[in-house]
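**Q** Here's a structure for you.
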Amino acid sequence: MPVEMTPGDLPVFALHTETTSYAFTVTAEGLVRHLHWGGPVAAADMIVEPVWELSTNDLIQDIVVQEYPCHGRFRYNEAALRVRFPDGGRELDLRYREAILGDERLDVVLEDDKGLEVTLHYSVLPEVDALVRWATITSRVPGVVLESVASAQFHVPFRDLDLRNVSGHWGAEQQEVVQRVSTKVVLESRRGISNHHHSPYAVLSREATEVAGRVWAAALAFSGNTKVVVEQTQYGETLLQLGVNDHDTEVALDPGVGFETPQVVAVYTEGGLGGMSRKMHAYGESLMDPQVRPVLYNSWEATNFAVTAEGQIALAQKAAEIGTELFVVDDGWFGRRNPDQTGGIHDGLGDWWVDPEKFPAGLSPLIEAVQEAGMRFGLWVEPEMVNPDSDLFAAHPDWIYREPGREVDQARGQYVLNLNLPEVEEFIIETLDGLLRDNDIDYVKWDANRPMSQVGVRRDVWFGHIAALYRIVAEIKRRHPGVLVESCASGGGRIDFGALAVFDDFWTSDNTDALDRLEIQRAYSLVYPPRAMRAWVTDVPNFLSQRSIPLSFRFHSAMMGSLGIGCDLTAMSPEDLAASSRYISEYKQLRPLMRDFHRLENPSSNDYRLFQYSSPQGAVLFAFLPASRLGHKPTTVRLRGLDPHARYRFTHDWQQREVSGEYLMNRGLRLWLQGDYASSVIRFDRITEPTG
Ligand code: GLA
């Protein structure tokens, strides 16, 4: 571990990543005081300035910025920790006890003499240039209840920072929000299992552009109720706290059994928003299975619930012809799952047996057809849910969340199973294990189409649900190595680093309109890695926007992520099938070059959207012009992330060219798209040996 610790009773700790340092110390009162989060500094150089009380209303405990400020005494900012002791007391008085430096992490142990211990964990990810923090809370005495527990608090020594996150709803996830922080901002999820609304991270910056400027960013690896608090203090600085949401939550501590919070990854850069995003992407990649994400076909938009063996085999044959690598059957294949006359769906969830009417010989004939055509096979499931009209609910009406004495809420005609019950966890594991054993399944699309509500009398279930979900997915993957599991929650409702630690892909949004997707995908790329971003080409007019966008633009937009096809291929014209086949083959060739993602500048008054990947072998430029305005003005594209001294070969304006990386990054290319929904993808091949 790249950690320095100065000698003495009040040590200074400095953790170093490749380009950053993070430092803190211990005060004479035993508080863990934050000192630095930014560019490199040495522990031995650290000047620990005294802090003074400003007045009897601005007291020292409020002014000292702490690594993990807890409730009680003169502390009034957001508390990282609140507990209730058996005597009803709530004040915490945590003092530094010791630091333990292991190979993997630094543990800083704080103690309250009422029997509570808090361990702050710090570790460094050298390959990501990032820091990871989390905490474990342990009680030595019975009867202690956690009322609120954050994973970490950070401190940025500036005011008036820009805060970036996203806002949205179903079909419009990941709409970027930028706001100047001047007071306190809380970004949270209270829905238990899904979060279309915000994402559990904060990007704080000071005069940053895509390529330059200071950026501090932290993201919480948790998929349930989360809370991100950004608080500008009266003393000219900004606090950032991330953790499990304390909304309607309490956790009773068993003596000696630590409560371990989710982890937070934290990055600092002077390389602007683009630099920050690439570090976050590298963190995401470090969690991900390295296998190439196959080009998939998914039947949802083509068939909705009307899946049949015959219909799916017909789609699979076409999908294979155009080069798809994986065929995924979406909702409708199981139980008695049929929409009513109004299109509403009320039955089937929970009954994970193959519908004998739709698949008289089971899934085998379809799987064999898929495999004979050279593809892998995937299946949609929604294991956390049950419909009232199902065998499962008839057998176990007590397996759902319910508020005593109240009618249970339905959304999409379904209830949420109480994953906190060990028998429910066991049922899901055994059912999915059986499905995967009985059928040759390589890919699972795991959906969750409603939030939790009416969770009953216990308040630890919000957290427990997600802990159980992670255990279930991990166990399925342990029993079936190599299987990829896609995280979906009514579209992009479960996109976060906690999910990415167990799942392999994100279904980014049910909104598959290629132009809307450019916005969604751009904001998604702020923090999350594009390789996990599933993007489909679907039919026009789009079911949501009713817009008809040309196939080329639809493919180019989807090729920026992990490509999928959702068209009704049996109704596609031979010309479009042939074009699709060409795009898929081009995408497969571009895939190895798609490593580091860049959002490029557009200097034109025309609304070009420019994105690029770079890698040691070359680069790929994605350019879009949704609607031409003010005449057909060109733009200038200056590439990024190339080797200035290497030479690159590419085709532009129908001519093959060869120039240096320096040229492409400094002068750039003139690019002229014309008309509406114009788009272009240009491949750049490095023709000198990579320097490594
Ligand atoms: C959700 C998903 C869709 C599809 C349907 C199936 O809405 O986001 O992609 O799987 O469920 O019911």
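The values are calculated or read from the model by the stated rules, or taken from the named source; none is laboratory data. In this text, all values refer to a predicted model and were calculated from it rather than measured experimentally. All Cβ positions, even for glycine, are placed from backbone atoms using ideal geometry, and neighbour counts span all protein chains on display. Calculation scope for accessible area: heavy atoms of the full protein, side chains included, ligands and nucleic acids excluded. Shrake-Rupley method; radii C 1.70, N 1.55, O 1.52, S 1.80 Å.
**Q** Would you mind checking Lys318/Lys358; Lys445/Lys588; Lys318/Lys588; Lys318/Lys477; Lys114/Lys184 for any pair whose Cα atoms are more than 26 angstrom apart?
**A** Numbers: Lys318/Lys358 20 Å; Lys445/Lys588 22 Å; Lys318/Lys588 18 Å; Lys318/Lys477 30 Å; Lys114/Lys184 32 Å.
Among Lys318/Lys358; Lys445/Lys588; Lys318/Lys588; Lys318/Lys477; Lys114/Lys184, the Cα-Cα distance tops 26 Å for Lys318/Lys477; Lys114/Lys184.
**Q** Taking θ as phi - 60°, what are the ³J(HN,Hα) couplings along region 640-648 by the Karplus curve (6.51, -1.76, 1.60), each to the nearest whole Hz, with x for Gly and Pro?
**A** Listing the rounded values in order: 9, x, 8, 7, x, 8, 7, 10, 10 Hz.
**Q** Starting from the Kirkwood radius over alpha-carbon pairs of region 434-482, derive D by Stokes-Einstein at 4 °C in a medium of 1.567 mPa s and give it in µm² s⁻¹.
**A** Working: Rh = 13.1 Å.
Stokes-Einstein gives a translational diffusion coefficient of 99 µm²/s.
**Q** Please report the net charge: other residues with Cβ closer than 11 Å to the Cβ of Glu301, K and R +1, D and E -1.
**A** Working: positive: none; negative: Asp330, Asp510, Asp539, Asp568.
Net of charged neighbours comes to -4.
**Q** Which loop chymotrypsin sites (Phe, Trp or Tyr not before Pro) in region 14-73, with loop taken from DSSP, have no more than 14 other Cβ atoms within 10 angstrom of their Cβ? If you can, show how the numbers build up before the last one.
**A** On the way: sites: Tyr22, Phe24, Trp37, Trp52; in loops: Trp52.
Loop-located and lightly packed - Trp52.
**Q** Could I ask something else about it? For region 126-138, take each phi angle, set θ = phi - 60°, evaluate the Karplus expression 6.51 cos²θ - 1.76 cosθ + 1.60, and give the result in whole Hz per residue in order, putting x for glycine and proline.
**A** After applying 6.51 cos²θ - 1.76 cosθ + 1.60, I find x, 6, 9, 6, 9, 10, 10, 10, 6, 9, 10, 10, 10 Hz.
**Q** Could you tell me which GluC sites (Glu not before Pro) in region 267-370 are loop residues by DSSP with no more than 16 other beta carbons within 10 angstrom of their beta carbon? Show your work: numbers first, answer last.
**A** Details: sites: Glu270, Glu285, Glu301, Glu310, Glu321, Glu325, Glu357, Glu368; in loops: Glu270, Glu325, Glu357.
Passing both the DSSP loop test and the Cβ count: Glu270, Glu357.
**Q** Using alpha-carbon pairs under 8 Å, 6+ residues apart, how would you state the relative contact order of region 401-502 in percent?
**A** Details: 96 pairs, mean separation 36.8, N = 102.
Reported relative contact order: 36 percent.
**Q** Considering only DSSP states other than H, G, I, E and B, which chymotrypsin sites (Phe, Trp or Tyr not before Pro) in region 598-658 qualify as loop sites with at most 13 other Cβ atoms within 10 Å? Display every interim value, and only then the final one.
**A** On the way: sites: Tyr608, Phe611, Tyr613, Phe622, Phe624, Tyr648, Phe650, Trp654; in loops: Tyr608, Trp654.
Taking region 598-658 and a limit of 13 other Cβ atoms within 10 Å, the loop chymotrypsin sites (Phe, Trp or Tyr not before Pro) found are Trp654.
**Q** A further question follows. In whole percent, what relative contact order does the chain give with Cα contacts below 8 Å and a gap of six or more residues? Write out the running numbers ahead of the final one.
**A** Numbers: 1675 pairs, mean separation 66.0, N = 692.
Relative CO of the chain lands at 10 percent.
**Q** How many percent of the accessible area of region 598-686 is carbon or sulfur, using a 1.4 Å probe? It would help to have the intermediate numbers written out before the result.
**A** Working: 1890 of 4160 Å².
Ligands and nucleic acids excluded, carbon and sulfur reach 45 percent.
**Q** Please report the spacing between the Cα centers of region 419-434 and region 327-376 in Å, no decimals.
**A** 21
**Q** In whole angstrom, note down how far apart the Cα centers of region 443-463 and region 1-55 are.
**A** 41
**Q** Okay, moving on. On average, how much accessible surface per residue is there in region 488-621, in Å², for a 1.4 Å probe, leaving out ligands, DNA and RNA?
**A** Details: 3590 Å² over 134 residues.
Heavy-atom SASA per residue in region 488-621 reads 27 Å².
**Q** Something else: Summarise the accessible area of region 33-122 (1.4 Å probe, protein heavy atoms) by the percent that is carbon and sulfur.
**A** Numbers: 2200 of 4520 Å².
Carbon with sulfur: 49 percent of the solvent-accessible area.
**Q** Can you give me the solvent accessible area of Leu544 with a 1.4 Å probe, rounded to the nearest 10 Å²?
**A** Counting only protein heavy atoms, the figure is 70 Å².
**Q** Using unit Cβ charges (K, R positive; D, E negative) and no other charged atoms, how large, in debye to the nearest 20, is the dipole of region 598-686 about its Cα centre?
**A** Details: 13 positive and 8 negative charges, 16 e Å.
Its charge dipole is roughly 80 debye.
**Q** Which value, in debye to the nearest 20, describes the size of the charge dipole of the chain about its Cα centre when Lys and Arg Cβ atoms bear +1, Asp and Glu Cβ atoms bear -1, and nothing else is charged?
**A** On the way: 65 positive and 97 negative charges, 434 e Å.
With Lys and Arg at +1 and Asp and Glu at -1, about 2080 debye.
**Q** Per residue of the chain, what 222 nm ellipticity follows from adding -39500 (n - 2.57) for every DSSP H run with n ≥ 4, rounded to the nearest 500? Present the calculation step by step, with values, prior to reporting the outcome.
**A** Working: 13 runs with 134 residues, N = 692.
One gets -5500 deg cm²/dmol as the mean residue ellipticity at 222 nm.
**Q** Here's something else I'd like to know. When the distances between all Cα atoms of region 598-686 are binned every 10 Å from zero, what whole-number percent does each bin get?
**A** 18, 52, 26, 4
**Q** I've got another one for you. Under the classification rounded if a/c is under 1.5, otherwise prolate if a/b is larger than b/c and oblate if not, where does the chain fall, given a ≥ b ≥ c as square roots of the Cα gyration tensor eigenvalues?
**A** Working: a/c = 2.10, a/b = 1.21, b/c = 1.73.
Oblate, since a/c reaches 1.5 and b/c is not below a/b.
**Q** What does the charge count near Gln312 come to, summing +1 for each Lys or Arg and -1 for each Asp or Glu among other residues with Cβ under 13 Å from its Cβ?
**A** On the way: positive: Lys318, Lys358; negative: Glu310, Asp330, Asp331, Asp355, Glu368, Asp568.
Overall, the nearby charge balance is -4.
**Q** Let me ask something else about it. Taking all protein chains in place and a 1.4 Å probe, what share, in percent, of the accessible surface of region 458-503 do carbon and sulfur account for?
**A** Looking at region 458-503 in its full context, I get 53 percent from C and S.
**Q** If amide hydrogens are placed 1.01 Å from N in the peptide plane, which non-local residues have theirs closer than 5 Å to the one on Ser199?
**A** Val166
**Q** Quick one: Karplus J couplings for region 626-633, per residue in order, coefficients 6.51, -1.76, 1.60, θ = phi - 60°, nearest Hz, x for Gly and Pro?
**A** x, 8, 6, 10, 6, x, 9, 8
**Q** Which value, in debye to the nearest 20, describes the size of the charge dipole of region 264-393 about its Cα centre when Lys and Arg Cβ atoms bear +1, Asp and Glu Cβ atoms bear -1, and nothing else is charged? Walk me through the numbers before you get to the answer.
**A** Working: 8 positive and 20 negative charges, 109 e Å.
The dipole magnitude comes to about 520 debye.
**Q** Further, regarding this structure: Students sometimes get this wrong: rank Lys633, Lys318 by accessible area, probe 1.4 Å, all chains present, largest first. Please report the intermediate quantities before stating the final value.
**A** On the way: Lys633 90, Lys318 65 Å².
Result, largest first: Lys633, Lys318.
**Q** Counting only C-alpha contacts under 8 Å and six or more residues apart, can you give the relative contact order of region 598-686 as a whole percent? If you can, show how the numbers build up before the last one.
**A** On the way: 208 pairs, mean separation 30.7, N = 89.
It rounds to 34 percent for region 598-686.
**Q** First check a/c for region 111-255, with a ≥ b ≥ c the square roots of the eigenvalues of its C-alpha gyration tensor; if it is under 1.5, answer rounded, and if not, answer prolate when a/b is larger than b/c or oblate otherwise.
**A** Numbers: a/c = 1.92, a/b = 1.46, b/c = 1.31.
Here region 111-255 falls in the prolate category.
**Q** While we're looking at this one, here's another question. Taking the dipole about the Cα centre of the chain, with the C-beta of Lys and Arg at +1 and of Asp and Glu at -1, give me whichever of Gly192, Trp333, Ala314 is farthest to the positive side.
**A** Result: Ala314.
**Q** Any idea how far the Cα center of region 477-535 sits from the one of region 572-646, in Å?
**A** A separation of 21 Å, based on Cα centres.
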